[in-house]
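Visitor: One structure follows; several queries about it will come next.
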Amino acid sequence: MTLGFLLGSLLLSVAVWAKPAPEPVSILMPAPFADATADLVETFNREHPGIALSVTRGPLETEAVSDLAISSLLLGNSPYDALLMDVTWTPKYAKAGWLEPLEGWLGADALDDLAPGAELGNAFDGHLWRFPMVADMGLLFWRTDLMEAPPRTPAELEAISQSLQQDGKVRWGYVWQGRQYEGLSCTYLEVLRGFGGRWLRDGSPDLNSKAAIAASQWLRHLVDAGITPPAVANMAESEALQTFETGDAAFMRNWPYAWAELNRNGSLLAGKVGITTMVSEPHEPHVATQGSWGLAVLSSSKHKQAAIEALQFLTSTAAQKQLNLNSGYTPTRLSVFEDPELVRANPILPELQAALAAAVLRPLTPIYAQLSDLLYREVNTVITGEVAAAPAMETLQRNSIQLERSTGGIS
Amino acid sequence: MLRWRQQLWLLLPAMGLLSLVFLVPIAHYLWLSTQSQTVLTELRPVPAGAAQWIRLWNDSRFWQDAWQTLRFAGLSVTTEMVLGLAIALLLNEPLRGRSSLRMISLLPWALPTTVMALGWRWIFNDPYGPINQALSWIGVTPIPFLANPAITWITTVWADTWKTTPFVALLLLAGLQNIPRDLYEAAQLEGASAWQSLRRITIPLLTPYLLIALVFRLAQALGVFDLVQVLTGGGPAGSTESLALYAYLNAMRFLDFGYSATVMLGAFAGLLLFCGALAVLWWWIGGRQDLAGGQR
């Protein structure tokens, strides 16, 4: 009997061995995206018996995912074939030689179907490096039960806040991301553009301009005037959302994910929140910092063809529709934004599309992480009241110029 | 009797292992600090001479972080040693439920630092965290534990003290249990007060353990990274950034490996100087005490 069992298992293993093993493709994604795409991955594997797609559930925090990816890439033998990347990583990864140019695989017209704003930040140095799967942009959340229309200028935002605070309707006016981290650069960029300033002008830092000083001065002024709590100096997205969803603030700057959080069952603010773009001075644009997530194929991958198929499937119209319906993710394709079924299910879709059309990019350069580190560190100094806006922005400009010189140019 | 030659042979494997683990990376870092290896050189090392070291010397952020790291390590290790000794003395007493008390007091040490830091970030939240909630009940305005440069570094010391005091207490408790009971009985018979027993018996016999705890804690505190990264991200206004965090930023975020290695080596050189100064101080105090003892 033992002999029979052995013989049987031998035959079985030969049978398994003879069948060609499916080509393994592994994608690293931040945890929420890995969870949201689980169904899609299952469908893909059913429809593509020749490929075994697996998604590695990375950490929750953006930078922790980057650390994991970079560690594996530096060791030279990355277990991943593709990455879901934040928009700011693209030039750095491309310059390091870690990414596969996609235009040869996807065709030169690959980005044609994207909604305006979603096409930004995927190409660098004349090559296409990633394809956006989920769009993300900074939004101003406002309480529809407390006001008729959202403010459009900084002065209006202050006036509405203070009147609501005086009436005891809210404790705070406006909460945003002021912690010393990337989120502050996103917040600041929107205010900067709203005051008519630029992070880079003609490819060079322009952070001691009148507008740049006024923008950081305004952020500090919000704290001084009691519109924003001093705790903003350590507020990331979750802390801001926490203050807003308890009904303690009239306005919040955050990403689209907060919409779903605020409208889930049992939320205090369900049906009482509207979204719009950031306030700006008259005649200046209302902008939204773009923060999309896109798929990129690693140049070290041994399964590029299969990885491209997975990329095309996960960013397809059908996949984006499913991701929006089930997880509330913002699509990147124009046709998905205009899908009548989706617009019925998700009434803010047109407003998200408008915000995406107002998207601005953070500087697209391999040394973006250094530039941003200088910026959020110095603007945070202004917010805490340690240094006044003008001298802090002078320091920032000097440090940014020094970085530009020592690296031989920003882009 | 072993000849010195035999002793040397027997020492070789351990020395080989140590140099593999310590000397090789340091040598590699030394080489790296003479190179420019960044994302802009496409991660290929390009000889840079002394440029990285000149940059380090002129980098006010490096010096600021060095001071902040020292400040953090100094206050947290001092507090941990004092508290750890007090807790060890308490746990060494024949109390009821002593073993479960010992277990409980170790819990903070068993918690991963990241989890602990997330916990403190919530506890110190302004204004929803439990501490500020409690303060608001008694009518005190919320304290910006994590948003004020003058306060936040103390918050990081507090969180570190909470986590690592049990480690110090455990080491010292082991030392206390090695002190023979009859020494205390003899001292008591001679009419020594509790304070005198502590000063003349406990502390001197505990010195090797105190030293071990001090060395371990200093090494860890001077390399503090995860606690700060999660609790404050180095903020507000850069006031809690440590050297390890700065080196990490340079390597993992900026992909500037040459400079990251230089920062690490700069910190290492500072650490050697610091330990050297401590040793000299130790020797000087020790020498003076011997003198004082001789005169008595």
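The values are calculated or read from the model by the stated rules, or taken from the named source; none is laboratory data. The model shown is predicted, which means the values in this text are computed figures rather than measured ones. Cβ atoms come from the backbone with ideal geometry, glycine included; neighbour counts cover every protein chain shown.
Visitor: Go through (1) outside any loop (DSSP other than H, G, I, E, B); (2) at the interface with chain A (Cβ under 9 Å from one of its Cβ atoms); (3) among the small types (Gly, Ala, Ser) one by one and return the number of the condition B:Gly235 breaks.
Guide: The failed condition is (1).
Visitor: Here's another thing I want to ask about it. One residue is enough: does region A:377-387 have a residue meeting the conditions surrounded by fewer than 20 Cβ atoms within 10 Å (Cβ to Cβ) and over 24 Å from B:Asn58 (Cα atoms)?
Guide: Checked against the condition, which is being surrounded by fewer than 20 Cβ atoms within 10 Å (Cβ to Cβ) and over 24 Å from B:Asn58 (Cα atoms), region A:377-387 yields at least one hit.
Visitor: Being at pLDDT 90 or above and of a type in the set (S, T, N, Q) is the filter here, so list the residues in region A:59-108 that pass it.
Guide: Hits for region A:59-108 are A:Ser66, A:Ser71, A:Ser72, A:Thr88, A:Thr90.
Visitor: Taking the residues in region B:238-266 that are of a type in the set (Ser, Thr, Tyr) and assigned to a loop (DSSP other than H, G, I, E, B) as candidates, determine which candidate is nearest to B:Leu118 (Cα to Cα).
Guide: Here the answer is B:Thr240.
Visitor: While we're here: For the structure I just gave you, tell me whether A:Asn380 is closer than 16 Å to A:Cys186 by Cα, within 26 Å of the chain's Cα centre (by Cα) and either at pLDDT below 95 or within 12 Å of chain B (Cβ to nearest Cβ) (or both).
Guide: Here the answer is yes, as A:Asn380 does meet what is asked.
Visitor: Would you check if A:Thr332 is out of contact with any Gly (no Cβ under 6 Å at 6 or more places or on another chain), under 25 Å from A:Phe44 (Cβ atoms) and β-branched (Val, Ile, Thr)?
Guide: The answer is yes for A:Thr332.
Visitor: Hey, another quick one. Looking for something modelled with pLDDT under 95, among the polar types (S, T, N, Q) and over 23 Å from the mean Cα position of the chain (by Cα) - is there at least one such residue anywhere in region B:220-227?
Guide: No: region B:220-227 contains no residue that is modelled with pLDDT under 95, among the polar types (S, T, N, Q) and over 23 Å from the mean Cα position of the chain (by Cα).
Visitor: So, B:Thr69, is that one out of contact with any Leu (no Cβ under 9 Å at 6 or more places or on another chain), among the hydroxyl-bearing types (Ser, Thr, Tyr) and either surrounded by 12 or more Cβ atoms within 10 Å (Cβ to Cβ) or outside any helix (DSSP H, G or I) (or both) or not?
Guide: no
Visitor: Give A:Ala288, A:Ala240, A:Ala258 a once-over and let me know the one that is within 27 Å of A:Ala118 (Cβ to Cβ) and within 14 Å of chain B (Cβ to nearest Cβ).
Guide: A:Ala240
Visitor: Another question, then. A:Leu99: without any contact (Cβ under 8 Å) to a residue 24 or more places away in the chain and either within 14 Å of chain B (Cβ to nearest Cβ) or of a type in the set (Ser, Thr, Tyr) (or both), yes or no?
Guide: Here the answer is no, as A:Leu99 does not meet what is asked.
Visitor: Something else now. Is there a residue being touching a strand residue (DSSP E or B) at 6+ places or on another chain (Cβ under 9 Å) and within 11 Å of chain B (Cβ to nearest Cβ) anywhere in region A:74-85?
Guide: Checked region A:74-85: no residue is touching a strand residue (DSSP E or B) at 6+ places or on another chain (Cβ under 9 Å) and within 11 Å of chain B (Cβ to nearest Cβ).
Visitor: Looking at region A:121-153, which of its residues are of a type in the set (A, V, I, L, M, F, W, C), in contact with a helix residue (DSSP H, G or I) (Cβ under 8 Å, 6 or more places away or on another chain) and in contact (Cβ under 8 Å) with a residue 40 or more places away in the chain?
Guide: Hits for region A:121-153 are A:Phe124, A:Trp129, A:Phe131, A:Met133, A:Val134, A:Ala135, A:Met137, A:Leu139, A:Phe141, A:Leu146, A:Met147.
Visitor: Given A:Gln320, A:Gln353, which one is in contact with a Lys or Arg (Cβ under 6 Å, 6 or more places away or on another chain), buried (at least 17 other Cβ atoms within 10 Å of the Cβ), in contact (Cβ under 8 Å) with a residue 24 or more places away in the chain and outside any loop (DSSP other than H, G, I, E, B)?
Guide: A:Gln320
Visitor: Any idea which residue in region A:42-64 is nearest to the chain's Cα centre (by Cα), counting only those that are within 12 Å of another protein chain (Cβ to nearest Cβ) and surrounded by 11 or more Cβ atoms within 10 Å (Cβ to Cβ)?
Guide: A:Thr62
Visitor: A follow-up question, please. From the residues in region B:164-213 that are among the aromatic types (Phe, Trp, Tyr) and closer than 28 Å to B:Gly74 by Cβ, which one is surrounded by the fewest Cβ atoms within 10 Å (Cβ to Cβ)?
Guide: That would be B:Trp195.
Visitor: How many residues does region A:162-200 hold that are within 14 Å of chain B (Cβ to nearest Cβ) and over 20 Å from the mean Cα position of the chain (by Cα)?
Guide: 3
Visitor: Can I ask one more? Considering B:Val82, B:Val77, B:Val24, which residue is β-branched (Val, Ile, Thr), out of contact with any His (no Cβ under 6 Å at 6 or more places or on another chain), closer than 28 Å to B:Leu278 by Cα and buried (at least 17 other Cβ atoms within 10 Å of the Cβ)?
Guide: B:Val77
Visitor: If a residue must be touching an Asp or Glu at 6+ places or on another chain (Cβ under 9 Å) and either outside any loop (DSSP other than H, G, I, E, B) or of a type outside the set (Lys, Arg) (or both), how many such residues does region A:188-198 contain?
Guide: 5
Visitor: Okay, moving on. Say whether the condition of being under 25 Å from B:Gly238 (Cβ atoms), assigned to a helix (DSSP H, G or I) and more than 14 Å from chain A (Cβ to nearest Cβ) is met by at least one residue in region B:36-57.
Guide: Within region B:36-57 (the criterion being under 25 Å from B:Gly238 (Cβ atoms), assigned to a helix (DSSP H, G or I) and more than 14 Å from chain A (Cβ to nearest Cβ)), the answer is yes, since at least one residue qualifies.
Visitor: Something else: Do we find that B:Val263 is closer than 12 Å to B:Ala66 by Cβ and among the β-branched types (Val, Ile, Thr) in this structure?
Guide: yes
Visitor: So, one more: Which one of the conditions (1) in a helix (DSSP H, G or I); (2) of a type outside the set (S, T, N, Q); (3) exposed (fewer than 14 other Cβ atoms within 10 Å of the Cβ) does B:Val140 fail to meet, given that it meets all the rest?
Guide: With (1) in a helix (DSSP H, G or I); (2) of a type outside the set (S, T, N, Q); (3) exposed (fewer than 14 other Cβ atoms within 10 Å of the Cβ) applied to B:Val140, the lone miss is (1).
Visitor: Still on this structure, please answer the following. Quick one: is B:Val140 of a type outside the set (Asp, Glu), touching a residue at least 40 places away in the same chain (Cβ under 8 Å) and more than 14 Å from every other protein chain (Cβ to nearest Cβ)?
Guide: Criteria not met by B:Val140.
Visitor: Residue check, A:Ala225 against (1) within 14 Å of A:Trp142 (Cα to Cα); (2) hydrophobic (A, V, I, L, M, F, W, C); (3) surrounded by fewer than 21 Cβ atoms within 10 Å (Cβ to Cβ); (4) in contact with an Asp or Glu (Cβ under 8 Å, 6 or more places away or on another chain), all met but one. Which one?
Guide: Single failed check for A:Ala225: (1).
Visitor: Another question, if that's okay. Kindly provide the set of residues from region A:323-350 that are part of a loop (DSSP other than H, G, I, E, B), of a type outside the set (S, T, N, Q) and in contact with a strand residue (DSSP E or B) (Cβ under 7 Å, 6 or more places away or on another chain), ordered by number.
Guide: A:Tyr329, A:Pro331, A:Ile348
Visitor: Step by step: first the residues of region A:356-370, then only those that are more than 10 Å from chain B (Cβ to nearest Cβ) and part of a helix (DSSP H, G or I), then the one that is surrounded by the fewest Cβ atoms within 10 Å (Cβ to Cβ). Which residue is that?
Guide: Restricting to residues being more than 10 Å from chain B (Cβ to nearest Cβ) and part of a helix (DSSP H, G or I), the top hit is A:Ala357.
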